[in-house]
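Structure first, then comments.
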Amino acid sequence: MEELERLKRSKTLTVILDENFSPVGRMRLFSQGVRPNNRLVRYEEAVGDKGCLTCGNCVDACPVVREKERFEFRSNRRTSMSLENIVEDECRRCYRCVRACPQVTPGVKEYATGFRRAEKFIHASLATLIFTLMGTGIFLYHYKMHIPELHAGIYGVVHNLAGILLIVLPVVYYLIDKNHFRRLIDGAWEKPLGTGEWFRQLKAFLRHPFRDALPAWTEFNPYHKFWIRYLCCALPLLALTGIGNFFGEAALGKSLYGACSVLHSLIALCTDLLILLHLYFKLLRFLCRNIGDMFRNWRSRGDFHYPFLYARKEVASAQGGHEQPSH
C-alpha cells in the first residue's frame, strides 16, 4: 500500500491510465508479480515473476479485441504484448484488462477501477436525464390534452426538474473532476473533426455492418467528437428554449413563444434520433452482429457455434496466409 500511495503522489499511474494505450503490461510491472499462494510448489523454477503468464485473460476481457478480432484463442496471441498490438491507440480506457490480469495486485486494480468513477457517474447521469426528458417530452407533446390535468402536471414537473439537472450536470462534472472535464473538452474541440479515410471506412462498415468492424474507434474519433460538440451546442439551446416555454406565451409574446416552441421541438427531435443511433452503436450493434454471425454459421455449417471465426485463421496460416478471416 505504501508503494501505491507513492505512485499516486507521483502521478505515474494517472499518466498511464489517461493514455489511449493498453495499460495492463505497465500495471503488472507496478505490481508485485505472482503472489506465493498463486505459484507452483517449486516456484523458484518459474521464469519471471512479473512476466506475462500468457493466460489470455486481458485479451478475452478487451472490447476492442472483440470488435476487431471477434475471438482470439491462439496461444501466441494471448499475451499482453499481443493485446497492445491489436488495440494500438484504440484503447477505450475501460481497464477491464487490468482487472482481469492475475498478476496485478489488488491495490493497483482498485486504483484503476476507481480512476474514471466520476466520469462514468456523469455519463450515466447524462444518459438517465436525457432518457427522462425524451420520455416525458414525447408524452407531453402528443398526449397532454388527453390525460388528466394532475398527471400532465406531474409529467411536466419531472420534465422541468430533469432539464434543470441537465443544465447543472456540466458544472458538477467540472467541480468533481476538473482534469477529465478539460481533457474531454480539449480533445473534442482542439482537434479536427476527422479524416476522409475514417469516413470511407465508416461507409464500408455501414454497407456490411454485420461483417465488417468499425473504423478506428479511438477515444476522440469523429463520431465521439461530433457527439460532444453537438451536446455543447444543443444543451444550452434546449435550456434557453425550455425556459421560454416555461414562462409561456403571456410573458414572451406569441411570436417569440412560437419560435421557442418550434426550436425546442426540433432540437429535441434531433437529439432523440441521435440517441437512438448512439444506442445502436453502443449496445444493439453487438446483438445484431452476433445474430448475423449465428445465421451465417447455421447456413454454412448447420449449427450456431463460433469455431469458424478463428478456425479459418488457422487454416489460412497453414496454407500460407492467403485466406482472410471472416468478420
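The values are calculated or read from the model by the stated rules, or taken from the named source; none is laboratory data. These numbers come from a predicted model, not from an experiment. In this analysis, Cβ positions are derived from the backbone assuming ideal geometry, glycine residues included, and neighbour counts consider all displayed protein chains.
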Looking at the structure I just gave you, is ALA100 closer than 30 Å to THR54 by Cβ, buried (at least 17 other Cβ atoms within 10 Å of the Cβ), out of contact with any strand residue (DSSP E or B) (no Cβ under 9 Å at 6 or more places or on another chain) and modelled with pLDDT of 85 or more? yes
Within the stretch 205-228, the residues that are over 15 Å from the mean Cα position of the chain (by Cα) and either surrounded by 14 or more Cβ atoms within 10 Å (Cβ to Cβ) or in a loop (DSSP other than H, G, I, E, B) (or both) are PHE205, HIS208, PRO209, PHE210, ARG211, ASP212, ALA213
Total residues in the stretch 49-96, condition in contact with a Cys (Cβ under 6 Å, 6 or more places away or on another chain) and part of a loop (DSSP other than H, G, I, E, B): 2
For residues that are over 18 Å from PHE21 (Cβ atoms), surrounded by fewer than 19 Cβ atoms within 10 Å (Cβ to Cβ) and touching a Lys or Arg at 6+ places or on another chain (Cβ under 8 Å), tally how many sit in the stretch 70-95. 1
Identify, by number, the condition in (1) in contact with a helix residue (DSSP H, G or I) (Cβ under 6 Å, 6 or more places away or on another chain); (2) in a helix (DSSP H, G or I) that MET145 doesn't meet. (1)
Residues (touching a residue at least 12 places away in the same chain (Cβ under 8 Å) and under 24 Å from CYS270 (Cβ atoms)) located in the stretch 145-169: TYR155, GLY156, VAL158, HIS159, ASN160, ALA162, GLY163, LEU165, LEU166, ILE167, LEU169
